[in-house]
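Peer 1: Take a look at the following structure, please.
The values are calculated or read from the model by the stated rules, or taken from the named source; none is laboratory data. Worth saying up front: this structure is predicted, and the values here are computed from it rather than measured. Cβ atoms come from the backbone with ideal geometry, glycine included; neighbour counts cover every protein chain shown. Side chains are part of the model used for accessible areas, which takes the heavy atoms of the whole protein and leaves out ligands, DNA and RNA. Shrake-Rupley method; radii C 1.70, N 1.55, O 1.52, S 1.80 Å.
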Amino acid sequence: MASVCVAVRVRPLNEREKEMSAKVIIHMDGSTTSVHCNKKHIPKGIPGIGLTDGGRHSFSYDFSYDSTDVRSPNFVPQDKVFKDLGCDVLKAVFEGYNACVFAYGQTGSGKSYTMIGSPGDLGLIPRICDGLFCQISEKDQVDGASFRTEVSYLEIYNERVQDLLTTKTGPGSGSGLHLREHPKDGPYVQKLSTHLVQNYTDIEELMHAGNAKRTTASTGMNDVSSRSHTSFTIIFTQVRFDAELPCETVSKIHLVDLAGSERTGARLKEVANINKSLATLGSVISVLADTCVTGGGGGSHTGKRKKQLFIPYRDSLLTWLLKDSLGRNSKTIMIATLSPADVHYSETLSTLRYANRAKNIVRKPTVNEDSGVRVIRELQEEITRLRGLVENNQVGVLVSKRSLVRIPELTKWKNKNLCALEQDLIWRFVDGGGKLSQAPVQNLPEVLNWVEIWCLRWPWYMVLGSNF
């Protein structure tokens, strides 16, 4: 099991805040983040403060990044954020796990800068993509494995899903794509385009094309504010041979940049939808945290815990899309971005509290291995175990001569079909020139059908000597 990794990052004061003579109220010491504020620092008319003099709140997170002053020795650049968080994402993906990184915070707090960056200072998404292909090159030379990388890019605007990598113009074109849920694979977007990429340059071009279509607008906090939630997804497939058996894993990396919350705005419908989805995300985080905290309680609280087990994922498209990342099969990182200014005290404290609750979410990520390959590996292990029992005379009188005679025959049959599966996997991923291919698997269903039959029936066949 693994908890959600939570990091907080505070940006420098912007020009608007300097003109308002705003004071810095965020202070960081190691992994601890503290917010200090007095009433005299709060301009008149700012709602929802309710602060007493000398107010201070401290929180401890996995990482606290102070990026307020570039001249400070404690200043945290983009590269440091990638080394701490991005490298863990890449490690998880090459091990076969799903991964998710999402930035959470009020509008203008630095979410897009942290996730996407600027032309001269790249953020997490481009650095993770570049690091992925650097590691592919290294592992390809050492392990001889085959890799396949596909990407998709979507935005959620006014509770509609739009594909940012299609030729359609404008976020409001059409009625949007439909979000569905597979009983095993979880939520997915129907008809969302995926694009095969061979290197980082291919990804960079697709990202630029998608970002150009993303919905932005000028707000009171940010001249170029993201008005939609976006998810850049990498589908990473790797195939290699482990102890003469094929091994195939398919991992997904969800890199999510959320729109920022606002109290007011001229685009009322847009603001209402953004705030609704973010409020739902906060509710989901709270319920998941409560469920994980009370999950080990005593029997007297059983009824209460059952009520908390309902998690409102489907109250918004954003939380439905993040369902697997938040509550199920993923290694997840949350980055809470903050403004250092006292004029944003209420929003800052709210963000810190949500981030603090997210630390309590515990998930059980699993390796996404191909089910057919896993069945064959388990069959191989069962064969080895049963042959050892026969050779050591540990199966007793229940083993008949007839079943013992047929062990070599069955082993030969298994090896034949295993070779067929290996050839299918090789043909699927590599063509004659050594490049990745999209050719379909022809014999795999038939092979897997036989494997499943023998996994269920072989142990009884060998021990009881049954006629099959």
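Peer 1: In terms of modelled amide H atoms, which long-range or inter-chain residues lie less than 5 Å from the amide H of L165?
Peer 2: The answer is Y153.
Peer 1: What are the ³J(HN,Hα) couplings of the range 337-348, residue after residue, when phi is run through the Karplus curve with 6.51, -1.76, 1.60 and θ = phi - 60°? Round to Hz, x for glycine and proline.
Peer 2: Per-residue couplings from phi come out as 9, 10, 8, x, 7, 5, 5, 10, 4, 4, 5, 4 Hz.
Peer 1: In nm, to one decimal, how far is the modelled label at H57 from the one at K269, with both set 7 Å along Cα→Cβ?
Peer 2: Between H57 and K269, the simple spin-label model gives 3.4 nm.
Peer 1: So, one more: Using the Karplus curve 6.51 cos²θ - 1.76 cosθ + 1.60 with θ = phi - 60°, what ³J(HN,Hα) values do you get for each residue of the range 133-138, in whole Hz, with x for Gly and Pro?
Peer 2: 6, 5, 6, 4, 4, 5
Peer 1: If you take the beta carbon distance between I235 and K364 as r and set R0 to 22 Å, what does 1/(1 + (r/R0)^6) give as a FRET efficiency, to the nearest 0.05?
Peer 2: Values: r = 22 Å, r/R0 = 0.98.
After rounding to 0.05, the efficiency reads 0.55.
Peer 1: Where does each of V81, V250 land when they are ordered by accessible area, with a 1.4 Å probe and the largest first? Please report the intermediate quantities before stating the final value.
Peer 2: On the way: V81 5, V250 55 Å².
Largest accessible area first, the residues go V250, V81.
Peer 1: Shifting gears a bit: Would you mind checking which residues have amide H under 5 Å from Y104's amide H? H placed 1.01 Å from N; only 5 or more apart, or other chain.
Peer 2: I335, A336, T337
Peer 1: Once amide H atoms are built 1.01 Å from N in the peptide plane, which residues 5 or more positions from Y157, or in another chain, come under 5 Å H to H?
Peer 2: Q162
Peer 1: Shifting gears a bit: Give me the extension gain from E95 to E181: residue separation times 0.36 nm, minus the current Cα-Cα distance, reported in nm with one decimal.
Peer 2: Numbers: separation 86, 0.36 × 86 = 30.96 nm, distance 2.51 nm.
My answer for the length gained is 28.4 nm.
Peer 1: Once the piece of chain linking K276 and F310 is laid out straight, how much longer is it, given 0.36 nm per residue of separation minus the C-alpha distance between them? Intermediate values should be presented prior to the final figure.
Peer 2: Numbers: separation 34, 0.36 × 34 = 12.24 nm, distance 1.85 nm.
Taking K276 through F310 to full extension adds about 10.4 nm, to one decimal.
Peer 1: I would also like to ask the following. Based on the Cβ-Cβ distance of S137 and D69, what FRET efficiency does E = 1/(1 + (r/R0)^6) give at R0 = 35 Å, to the nearest 0.05? If you can, show how the numbers build up before the last one.
Peer 2: On the way: r = 37 Å, r/R0 = 1.07.
That pair, S137 with D69, gives E of 0.40.
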